[in-house]
Amino acid sequence: MTPEEFKRLVSEGIPQELPAPKLFDPGLNHAPKRKDILNSNEKRLALKNALRYFPEKFHSLLAVEFANELKEYGRIYMYRFRPDYEMKARHIDDFPHRSLKAAAIMLMISNNLDISVAQHPHELITYGGNGAVFQNWAQYRITMKYLSEMTDDQTLVIYSGHPLGLFPSHRDAPRLVITNGMVIPNYSSQDHWEKFNALGVSQYGQMTAGSYMYIGPQGIVHGTTITILNAGRIINSNGKNLKGKLFVSSGLGGMSGAQPKAAKIAGIISVIAEVNTKAILTRHSQGWVDEVIEDINLLVIRVREARKKKEIVSIGYHGNIVELWEKFADEGIVVDIGSDQTSLHNPWAGGYYPAGLSFEESNRMMSADPDKFRDHVRMSLVRQVNAINRHTSLGTYFFDYGNAFLLEASRAGAEILKPDGEFRYPSYVQDIMGPLCFDYGFGPFRWVCCSNDPADLAVTDSIAVKVLKRLMRSSPERIRQQMADNIHWIKEAEKNRLVVGSQARILYADAEGRIAIADAFNRAVKKGLIKAPVVIGRDHHDVSGTDSPFRETSNIYDGSRFTADMSVHNVIGDSFRGATWISLHNGGGVGWGEVINGGFGMVLDGTADTGKKLKMMLYWDVNNGIARRSWARNEGAMFTLKREMEKTPGLKVTVPYIADDKLIDEALN
Ligand SMILES: NC(=O)c1ccc[n+]([C@@H]2O[C@H](COP(=O)([O-])OP(=O)(O)OC[C@H]3O[C@@H](n4cnc5c(N)ncnc54)[C@H](O)[C@@H]3O)[C@@H](O)[C@H]2O)c1
């Protein structure tokens, strides 16, 4: 396909002539059949909704086809309209555009739907089982058309994948405003999502799928490495050597697949259970998991051997995590660190495969007999917790990995609560990410080189190392470990060959680090040291982006962890300080109704104007969360905020006075 033909097709929108129907590709991973949740009137509505994207002349044919899709898959994906060109990140100039910023957004969307990046690319799902970029291919096509023709005096508005339209705005406004799954709070259960999504009026955008900020598994390898390294420091006070220790978890999917790779980088033996043959083979063929073992008795022998020889090996166990925990407990295999990364944010529709049923049986039962399937999931969670409790009573350090494991296990009636009603085990944010990273402003800063050239990525890596090393010289003692971990990470990043899809990199940095790195990139773009603009952004999973009571804000102890003011303010504040696009989601990470999260993207085009905006926006983007965490009396955040106020004349934040507990006890007695 010539570059001109590609441009023509991208800007075409809904074609004048109907494209040929698409064949179902069995070689790709596809979304499971969704629950049949609509009544007959609602099915009519879903069909009518779908047809409004197309001229009437197509309706008679498409009505039958879409009705079939709804019946067959539980959703109308409009497969026929999936473009024929290869979906992938390209040089920014390869995308048809009038606004460079719009072209950068097209690059990011294309990367989110790349078949080597996305989990169910033909169903427009990037990761997490149901993390959608769009609900259907018509939305994709119309969005790309709008982006190809928009100017820097317009803003595109997206409602859960639906391109509402281009509206006049101004150069300093965001070019794109996205919301995903924003519903009235009382209508935010899992079944509401099933229904609204089947009707084509809402979607679950996960964190970075529906905000176009997913950069492949690298982001998650980094976060997981930091988590395992710091979990290692909890079980091992010197933290230096995890040799011979064992990490057990589940899931080799979109994000969870990073666990064996990260464990290897952190230097610990890992066994990760996975029930899905395709997922386990993908990770094995990518070299992310060293060995695959199906026979649980052989697995026990192999683990004993690895322990004895202090081998750093990652093993994928092809089977159910419940059976793995039980077997290791029966055999007396000591697990040093344990977690779980099944997709329990989506427990009833393919996120969790219960023990006792085969993978295929589960897939059948979840749509044919959802109530029975729910019972199986609950029984399996009870069993899993019983086995984990046996291990932790012998000293295993177990933590919830932000997948709603503790929450769903407690709802299933498992023995997961302490007498005071709190969970028996911490979330990784309570013990690790919160007090060591978020409270100091460290979070998942990332960038994408819009030249799509690995040479540019190498230049950005070396700039980032230089900047961080300089900052580390004058940084306070208590954040040095984080800086050192990230400098080490970035130096090794190229060697670890983690790029899948766009030329992207991630590291954890605080406000000062993020601003200094972005500023240095912007200058390098101006000087031509980097050949095209750079997009910066982050995961929603950050200091300020997410209000999630059992995850990102689980280490907020003033009772406000069930509020969502921070994430909403975060996005609003970013929007008028220079973000190129912003996104506000319901449900990212732990599921619909459980969390509100927001994020941004910003294009560094090398101009002085961008230089000003990046400082203003990144400063707010990190520090608003520090201010909230400080108000919640988090010690690290109070320290960081004080330091920030001393440096910044315009910053005046309300800080808490700390009441004496004894005095409060006396007052109440
Ligand atoms: N990696 C991280 O840093 C991180 C951070 C926060 C949250 N999470 C959460 O972790 C979860 C997993 O994310 P993902 O993108 O990998 O999802 P995914 O759906 O792609 O992968 C989960 C995998 O678990 C497997 N699985 C389900 N039940 C199983 C069982 N009983 N035994 C063995 N395997 C089983 C599935 O087959 C699937 O491949 C999500 O809930 C996500 O929100 C991950």
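As an exercise, use a Förster radius of 56 Å and the Cβ-Cβ distance of ARG98 and LYS310 to find the FRET efficiency, rounded to the nearest 0.05. Working from the Cβ atoms, E equals 0.40.
May I ask for the net charge around MET472, where only other residues with Cβ less than 12 Å from the Cβ of MET472 are counted and Lys, Arg are +1 while Asp, Glu are -1? Counting the neighbours of MET472, the net charge comes to +1.
Output wanted: per-residue J couplings in Hz (rounded whole) for the range 654-668, from phi through Karplus 6.51 cos²θ - 1.76 cosθ + 1.60, θ = phi - 60°, x for Gly and Pro. Those phi angles translate into 6, 10, x, 8, 9, 7, 7, 4, 4, 4, 5, 4, 5, 5, 8 Hz.
Distant-in-sequence amide contacts of GLY338, defined by a placed amide H-H separation under 5 Å and a gap of 5 or more residues or a different chain, comprise VAL248, TYR397, PHE398, PHE399.
Averaged over its residues, the chain has an accessible area of 39 Å² per residue, based on protein heavy atoms and a 1.4 Å probe. Each residue of the range 257-270 is assigned a 3J(HN,Hα), and the resulting list reads x, 6, 4, x, 5, 5, 4, 5, 4, 6, x, 10, 5, 10 Hz, derived from the Karplus form 6.51 cos²θ - 1.76 cosθ + 1.60 (θ = phi - 60°), x at Gly and Pro. Measuring between their Cα centroids, the range 502-542 and the range 406-438 lie 34 Å from each other.
The Cα center of the range 208-267 and the Cα center of the range 4-80 differ in position by 38 Å.
Carbon and sulfur: what percent of the chain's accessible surface (1.4 Å probe)?
Values: 14020 of 26240 Å².
That fraction is 53 percent.
No solvent, one uniform scatterer per C-alpha: report log10 I(q)/I(0) for the range 465-506 via the Debye equation at q = 0.19, 0.28 1/Å, two decimals. Here the Debye-derived log intensity ratios amount to -0.61, -0.95. In this rough spin-label picture, where each label sits 7 Å from Cα along the Cβ direction, the LYS243-ASP609 distance is 5.7 nm.
For the range 146-271, the relative contact order is 17 percent, taking Cα pairs closer than 8 Å that sit 6 or more residues apart in sequence and dividing their mean separation by the residue count.
With R₀ fixed at 41 Å, the C-beta to C-beta distance from ARG497 to TYR187 puts the FRET efficiency at about 0.40. Each semi-axis of the equivalent ellipsoid for the range 404-472 is √(5λ) with λ an eigenvalue of the Cα gyration tensor; in descending order they amount to 41, 17, 7 Å.
From the cross-link list LYS245/LYS491; LYS495/LYS613; LYS88/LYS495; LYS309/LYS418, which pairs have alpha carbons spaced over 30 Å apart? Where the Cα-Cα span goes over 30 Å, the pairs concerned are LYS495/LYS613; LYS309/LYS418.
What length, rounded to one decimal in nm, is gained on full extension from ASP295 through to LEU9, with 0.36 nm per residue of separation minus their alpha-carbon distance?
Result: 98.0 nm gained on full extension.
Each label was represented as a point 7 Å from its Cα along the Cα-to-Cβ direction; for ASP660 and MET616 these points are 4.6 nm apart. List the aspartates and glutamates whose Cα lies under 17 Å from the Cα of LYS101, skipping any in the same chain that are fewer than 8 positions away. The qualifying aspartates and glutamates are ASP93, GLU149, ASP152, ASP153, ASP172, ASP574, ASP605, ASP609.
Relative protection proxy for 473-483, 591-601, 512-522, from highest mean packing down: 591-601, 512-522, 473-483 (other beta-carbon atoms within 10 angstrom).
Run the helix sum for the chain: -39,500 (n - 2.57) per DSSP H stretch of 4+ residues, divided by residue count, reported at 222 nm to the nearest 500 deg cm²/dmol. Could the numbers behind the result be given before it?
Numbers: 21 runs with 282 residues, N = 669.
Helix contribution divided over all residues of the chain: -13500 deg cm²/dmol.
Taking the Cα centre of the range 588-669 as origin and charging only Cβ (+1 Lys, Arg; -1 Asp, Glu), how large is the dipole, in debye to the nearest 20?
Working: 11 positive and 11 negative charges, 82 e Å.
Here the range 588-669 has a charge dipole of around 400 debye.
Note that the chain shows a convex hull volume over its alpha carbon atoms of 160 Å³ per residue.
State, as an integer percentage, the relative contact order of the chain based on alpha-carbon contacts under 8 Å between residues 6 or more apart. Please list the in-between numbers first.
Details: 1359 pairs, mean separation 88.7, N = 669.
Here the relative contact order equals 13 percent.
The simple spin-label model puts a point 7 Å past each Cα toward its Cβ; for MET1 and LYS48 those points are separated by 3.5 nm.
The values are calculated or read from the model by the stated rules, or taken from the named source; none is laboratory data. Everything numeric in this text was worked out from a predicted model, so none of it was measured. A quick note on method: Cβ atoms are made from the backbone with ideal geometry, for glycine too, and the neighbour counts reach across all protein chains shown. The area values use the complete protein model at the heavy-atom level, side chains included, leaving out ligands, DNA and RNA. Shrake-Rupley method; radii C 1.70, N 1.55, O 1.52, S 1.80 Å.
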